[in-house]
Amino acid sequence: MNEGIIMLGSNINSEENITKAKEKINDKYEIIDESTVLITLPRNKKYKNYFLNQAIKILSDEYFIDSVRFFKQIEQDLGRTLEGKSKGEVPIDIDFVFWNGTAMRSDYEKWDFVRACIDQIKDKPSTSRL
């Protein structure tokens, strides 16, 4: 079984989109832990709205790349487009930060809000709800 830690972010209908994303993720994976939701200010002038961000920890029996594809499909299903992102509109962003304890992106080191969310759940023992 694989363990992943994912960051969710949204600046368009944020509460609704994060909830919908977690529901879709939970249909396929077991969500075993969640951080609190943080409100963050835009870090770039193109983003006009504040973001809601949350880390979740999942268990997966899939390969990493298959999980990434699934998350990209959720992003599209919830309205994420390249055109929207270029306008600073992000209905949902789903990124693996850790996979089986290995950093998959530099976000954890780069962004304080990512560290704050992930540190709430990163070192907690993983126990299946099954």
If I ask for residues that are more than 19 Å from Val97 (Cα to Cα), of a type outside the set (D, E, K, R) and within 14 Å of the chain's Cα centre (by Cα), which ones from the range 1-31 would you list? Asn11, Ser14, Asn17, Thr19
Pairs only if they're at least six apart or on different chains, beta carbon under 7 angstrom, first in the range 1-17 and farther than 19 Å from Lys124 by Cα, second hydroxyl-bearing (Ser, Thr, Tyr); list them, first residue then second. Asn11/Tyr47; Asn11/Tyr50; Asn17/Ser10
Subset of the range 27-59 (residues that are within 16 Å of Glu75 (Cβ to Cβ) and without any contact (Cβ under 8 Å) to a residue 12 or more places away in the chain): Asp27
Do you know which residues across the range 76-122 are surrounded by fewer than 17 Cβ atoms within 10 Å (Cβ to Cβ) and touching a Leu at 6+ places or on another chain (Cβ under 9 Å)? Asp95, Ala116
Qualifying residue in the range 1-21 (condition: of a type in the set (S, T, N, Q) and within 18 Å of Glu109 (Cα to Cα)): no
So Gln73 fits all but one of (1) within 23 Å of Ile32 (Cα to Cα); (2) in contact with a Leu (Cβ under 9 Å, 6 or more places away or on another chain); what number is the exception? (2)
What are the pairs, 6+ residues apart or on separate chains, where a residue within the range 67-86 that is on the phi > 0 side of the Ramachandran plot has its Cβ under 9 Å from a residue that is at pLDDT 90 or above and open to solvent by 90 Å² or more (accessible area, probe 1.4 Å)? Gly79/Asn13
Of residues in the range 27-54 being of a type in the set (D, E, K, R) and under 19 Å from Val114 (Cβ atoms), the one least open to solvent (accessible area, probe 1.4 Å): Asp33
Exactly one of Lys24, Lys20 is open to solvent by 30 Å² or more (accessible area, probe 1.4 Å), touching a helix residue (DSSP H, G or I) at 6+ places or on another chain (Cβ under 8 Å), assigned to a helix (DSSP H, G or I) and modelled with pLDDT of 95 or more, and that residue is Lys24
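The values are calculated or read from the model by the stated rules, or taken from the named source; none is laboratory data. Here the structure is a predicted model, which means the values were calculated and not measured. Here Cβ is always computed from backbone atoms with ideal geometry, including for glycine, and neighbour counts include all displayed protein chains. Heads up: the accessible areas ignore ligands, DNA and RNA and are worked out on the full protein's heavy atoms, side chains in. Shrake-Rupley method; radii C 1.70, N 1.55, O 1.52, S 1.80 Å.
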